[in-house]
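Here the structure comes first, spelled out in C-alpha cells, and everything after it is commentary.
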C-alpha cells in the first residue's frame, strides 16, 4: 500500500515553523500578546483651568420647630449666661454664652425667631473654633435635610447659598441656613436658680424663716435630642409650607474662578491634602503631594503642588496597605 505524499508550499513551512517556535520558546516573560507590561501608564491627563463651584443636591422635608447647632467662634473657655433660658422666641439675636480667648470675650448668640434648646458642653469647658456648643430651636416651619456622612467634608465649610424646591409645590426659592451642619450631642437645659424668700414680704418673722427649696437635680431639665449631620434652613415668609412635605435642596458651599483642576480619578484623597502620580517622558510614575480645594464631584481644585504643565496618570496612586503579620492578619504596627 502506497502513502499519498502532498507537496508543502514554502510559505506554509515557514508559518508552521513560526508557530512551533512560539509554542516551545521558554525565554519569554510570559506577557500576553497585545497587552502592555504590567504597570504601564495607559491614560494620562493634564491640569486645566476653569471656574468651579462645589454644588450638592440634598433631599429634605418641611419640619416644625427644627433644632440646629451654634458653634464656638474662637478657641478658649466657654462660660454660659447664668439665667434660665427663655421660652419666648427671640425678637433679635440673644446672647447665651461667651468664649474667653486670652482674656478676650467672644459672644455666642442664637438668632432671632429661636429659643435655646440646650447646652452641649459643660460650663467653663475648653472649646475650639467651629465646635457646636449650643443647640437652638427655630420657632415655626423650617426645612431639614439629613446629610450622609460621605458628603460631610464636601459641605463642611458651610453652605454659601441654598435654593429649595418643594415637590409639587412652590419653588425654587432662596432658603436661609441656620447654624452648623455638624452632628449634635444631647443638650441640657439648666434649671432656674431657686428663689430665696423674703421674710418681710411674706409677713413672717425673721426668727421663723421659710425654708429654702431644695437644689435642682444635676443635669438640668429637658433639652435637645442628639442629631446626625443635618442642614436646617428657613424660606421667605411668603412661601407656604406644609409639615412633612418633601423638598429638594441645591446647596453651593464654595466657588472659585480660574483655578487649576484635575479629575477626581487622578487623585488619592478629596479634602485638604492628596497625592497624584506624575508621568515622566519614559512613562515612569512619580508620586507627589498636592493641596486640594473645593470639588464638584467630577474635578478637584489643586491649590498647591502643580505648575499646570505636568502629565498626570489616571487612576491616581493607591493608598498603602498594612503589611500582614506572622499569623496572616493585618499588622497593627505603624508604617
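The values are calculated or read from the model by the stated rules, or taken from the named source; none is laboratory data. These numbers were taken from a predicted model, which means no experiment stands behind them. As a convention, Cβ positions derive from the backbone with ideal geometry for all residues, glycine included, and neighbour counts pool all protein chains shown.
Yes or no, residue by residue, for (1) in contact (Cβ under 8 Å) with a residue 12 or more places away in the chain; (2) within 25 Å of the chain's Cα centre (by Cα):
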| position | (1), (2) |
| --- | --- |
| 51 | yes, yes |
| 61 | yes, yes |
| 88 | yes, no |
| 92 | yes, no |
| 103 | no, no |
| 115 | yes, no |
| 120 | yes, yes |
Every residue in the range 148-158 that is at pLDDT 75 or above and surrounded by 14 or more Cβ atoms within 10 Å (Cβ to Cβ), please. 151, 152, 155
Subset of the range 38-86 that is modelled with pLDDT under 85, outside any strand (DSSP E or B) and touching a strand residue (DSSP E or B) at 6+ places or on another chain (Cβ under 6 Å) - its residue that is surrounded by the fewest Cβ atoms within 10 Å (Cβ to Cβ): 41
So which of 140, 179, 171, 130 ends up being buried (at least 22 other Cβ atoms within 10 Å of the Cβ) and on the phi > 0 side of the Ramachandran plot? 179
Just for the range 270-283: of the residues that are under 17 Å from residue 45 (Cβ atoms) and surrounded by 13 or more Cβ atoms within 10 Å (Cβ to Cβ), which one is farthest from the chain's Cα centre (by Cα)? 283
Listed residues 223, 297; which is assigned to a loop (DSSP other than H, G, I, E, B), modelled with pLDDT under 90 and on the phi > 0 side of the Ramachandran plot? 297
Considering each residue of the range 90-112, count those that are surrounded by fewer than 16 Cβ atoms within 10 Å (Cβ to Cβ) and under 30 Å from residue 236 (Cα atoms), and give that number. 6
